[in-house]
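Chemist: Sharing a structure below in structure tokens format, with a few things to ask.
Bear in mind that the values in this text are calculations on the coordinates, not laboratory data. All of these numbers come straight from a predicted model, not from anything done at the bench. Heads up, the Cβs are rebuilt from the backbone with ideal geometry, glycines too, and the neighbour counts pull from every protein chain shown.
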Amino acid sequence: MSKNKILVPLDKKSYEVFIESGLLDDIGNQLINLGIKNTRKILIISNKEIADLFGKRILDSLSKNNYSARIFLINPGEAFKNVNTLNQIYDAAYEYGLERGSLMIALGGGIVGDVTGFAAATWLRGIDFIQIPTTLLSMVDSSVGGKTGVNHPKGKNLIGAFHQPKAVYIDPNTLETLPVREFRAGMAEIIKYGIIKDFELFEFLENKENQKQIIDLNNKSLIKIIKKSVETKSDIVAMDEKENGIRAILNYGHSFGHVIENLCGYGEFLHGEAISVGMRIAGDIASDIGLWSKEEALRQNELIKNYGLPIKIPNLKKESIMKILMGDKKVKDGRMRFVLPKKIGEVEIFNNIEEKDFINYFN
């Protein structure tokens with residue numbers, strides 16, 4: 001196996017994640033290698049900005065291998081991650097004549113991947129799809145693991161399904177066109193992997209020279225941190241595909257992050273920015289109740305800030321915070337569950353954290 005090819009081992013649903021510069025122009029060959037027959041129709045879901053950058057290159061590569069493909073554009077942004085957009089994809093799938101043997105490709109960031117994956121999971125009761133993530137956040141997080149879905153007016157990702165892709169193709173060259181703020185947001189998820197399970201990654205991210213290399217988009221450094229993040233997620237997903245146990249640790253920072261996204265309005269905080277603040281809150285709780293030291297909490301917060309991410313906690317209404325927390329998917333048997341750090345590289349899931357332990361952080 002190539003050193004930059006990672007297996008996600010899930011019995012009959014196993015697939016591989018490929019990380020390589022130039023993959024975007026080789027997608028046609030990659031699908032042939034994957035065993036995708038060129039008689040299958042392909043619907044590529046993207047948004048205008050991403051399609052303008054990369055769409056023709058994907059179509060050209062597919063055409064060279066005699067695939068029939070077309071691109072369908074959806075509106076960008078969290079506000080459009082909803083059932084209306086899903087219905088638009090269904091309409092496009094119907095008009096194009098997608099069959100059970102057809103294929104969807106998600107070309108873009110996490111929103112495109114989540115919506116496309118859910119469309120694929122539910123069109124004709126499930127067809128194959130492939131992820132081609134073009135943002136750092138989607139490369140290391142949402143493209144791997146099979147979580148798909150859309151938002152409900154009452155909460156984030158409340159409508160969804162587990163539907164694993166046939167493969168994930170990560171071309172780090174696409175990050176050259178990514179806005180700086182979006183790149184920083186992706187770094188939040190990579191920092192998360194360091195906190196929850198990879199002390200070596202955390203130390204690598206702390207090194208000042210490495211920080212410079214990463215921010216300057218040095219290819220070798222990018223591939224290293226993307227690969228280590230995907231390996232961690234792959235290991236966890238393999239142990240707990242449907243999030244019945246340990247997979248919940250991937251939600252470190254997310255409970256409070258989703259509160260911030262929801263109450264501050266999607267778009268005010270990017271997902272990674274909200275998760276950064278959520279990690280700060282979780283770290284403060286852990287420090288205050290004696291799970292880890294104040295020094296470790298400070299190391300976490302300093303690392304977040306060093307990559308240009310926020311840690312300032314917004315003022316939010318107590319009643320609204322609790323309403324969203326209690327409506328979160330991670331609530332079990334009426335009790336909130338929080339992922340809290342015990343040390344850098346190790347976290348645990350707690351269901352005994354009370355409102356009094358965190359509510360005053362918000363004002």
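Chemist: Please work out the FRET efficiency for the pair residue 94 and residue 268, using the Cβ-Cβ distance as r and a Förster radius of 51 Å; give the result to the nearest 0.05.
Modeler: Calculated value: 0.90.
Chemist: Something else about it: Going Cα to Cα from residue 317, which lysines come in below 17 Å? Please leave out same-chain ones fewer than 8 positions away.
Modeler: Correct list for residue 317: 154, 356.
Chemist: Continuing with the same structure: GNM, the chain, Cα, under 10 Å: largest mean-square fluctuation among 106, 282, 92?
Modeler: The residue with the greatest mean-square fluctuation here is 92.
Chemist: Still on this structure, please answer the following. What is the distance in Å between the Cα centroid of segment 138-174 and that of segment 69-109?
Modeler: Answer, in whole Å: 14.
Chemist: Length gain on complete extension for the stretch residue 352 to residue 75, per 0.36 nm per residue less the alpha carbon to alpha carbon distance?
Modeler: Length difference between fully extended and current span is 95.7 nm.
Chemist: Between rounded, prolate and oblate, where does segment 5-177 land on the alpha carbon gyration tensor, with a ≥ b ≥ c its root eigenvalues, rounded for a/c under 1.5, else prolate if a/b exceeds b/c?
Modeler: It is rounded, given that a/c, with a ≥ b ≥ c, falls under 1.5.
Chemist: If the only charges are +1 at each Lys and Arg Cβ and -1 at each Asp and Glu Cβ, what is the size of the charge dipole of the chain around the Cα centre, to the nearest 20 debye?
Modeler: It works out to roughly 560 debye.
Chemist: Give the cross-link partners of residue 224 among the lysines, using a straight C-alpha distance below 17 Å as the criterion and excluding same-chain residues fewer than 8 apart.
Modeler: In chain and number order, the partners are 3, 5, 192, 197, 208, 212, 233.
Chemist: Which is farthest toward the positive dipole end of segment 5-177 among 177, 163, 68, measuring Cα position about the Cα centre, with Cβ charges +1 (Lys, Arg) and -1 (Asp, Glu)?
Modeler: 163
Chemist: Same structure, new question: Report relative contact order for segment 180-362 in percent, whole number only (criteria: Cα-Cα under 8 Å, sequence separation at least 6).
Modeler: Relative contact order of segment 180-362: 28 percent.
Chemist: Now for a separate question. Which percent, nearest 5, of DSSP beta bridges in the chain are antiparallel?
Modeler: Restricted to the chain, the bridges split so that about 40 percent are antiparallel.
Chemist: Further, regarding this structure: Highest GNM mean-square fluctuation, the chain, Cα pairs closer than 10 Å: which of 103, 34, 59?
Modeler: Its mean-square fluctuation being the largest, the pick is 34.
Chemist: Right, here's the next one. Relative to the present Cα-Cα distance, how much length would full extension add between residue 14 and residue 63 at 0.36 nm per residue of separation?
Modeler: Length difference between fully extended and current span is 14.9 nm.
Chemist: Tell me whether segment 208-363 comes out rounded, prolate or oblate; compute the Cα gyration tensor, take square roots of the eigenvalues as a ≥ b ≥ c, and use a/c under 1.5 as the rounded threshold.
Modeler: Since a/c reaches 1.5 and a/b is larger than b/c, the shape of segment 208-363 is classed as prolate.
Chemist: Using +1 on the beta carbon of Lys and Arg, -1 on that of Asp and Glu, and nothing else charged, what's the dipole of segment 238-339 about the Cα centre, debye to 20?
Modeler: Computed about the Cα centre, the dipole is about 220 debye.
Chemist: Right, something else. Please work out the C-alpha center-to-center distance from segment 9-67 to segment 214-247 and express it in whole Å.
Modeler: Result: 21 Å between the Cα centres.
Chemist: May I ask for the equivalent-ellipsoid semi-axes of the chain, computed as the square root of five times each C-alpha gyration tensor eigenvalue and listed largest first in whole Å?
Modeler: So the equivalent ellipsoid measures 34, 23, 18 Å along its semi-axes.
Chemist: If I model a spin label as a point 7 Å beyond the Cα along the Cα-Cβ vector, how far apart are those points for residue 210 and residue 289 in nm?
Modeler: Going by the 7 Å Cα→Cβ label model, 3.0 nm.
Chemist: What is segment 36-134's relative contact order, in percent, from Cα pairs under 8 angstrom and six or more apart in sequence?
Modeler: So the answer I get is 32 percent.
Chemist: Now for a different question. What shape does segment 275-363 have by the C-alpha gyration tensor, where a ≥ b ≥ c are the square roots of the eigenvalues, rounded means a/c under 1.5, and otherwise prolate means a/b greater than b/c and oblate the rest?
Modeler: Since a/c reaches 1.5 but b/c is at least a/b, the shape of segment 275-363 is classed as oblate.
Chemist: Counting alpha carbon pairs within less than 8 Å and at least 6 residues apart, what relative contact order, in whole percent, applies to the chain?
Modeler: 15 percent
Chemist: Within 10 Å, at most 14 other Cβ atoms, and a DSSP state outside H, G, I, E, B define an exposed site. Report the longest part of the chain free of exposed trypsin sites (Lys or Arg not before Pro).
Modeler: In the chain, the maximal stretch lacking such sites is 155-241.
Chemist: May I pose another question? Could you work out [θ]222 nm for the chain from helices alone, using -39500 (n - 2.57) per DSSP H run of at least four and dividing by all its residues? Round to the nearest 500 deg cm²/dmol.
Modeler: Roughly -13000 deg cm²/dmol at 222 nm, from the helical runs in the chain.
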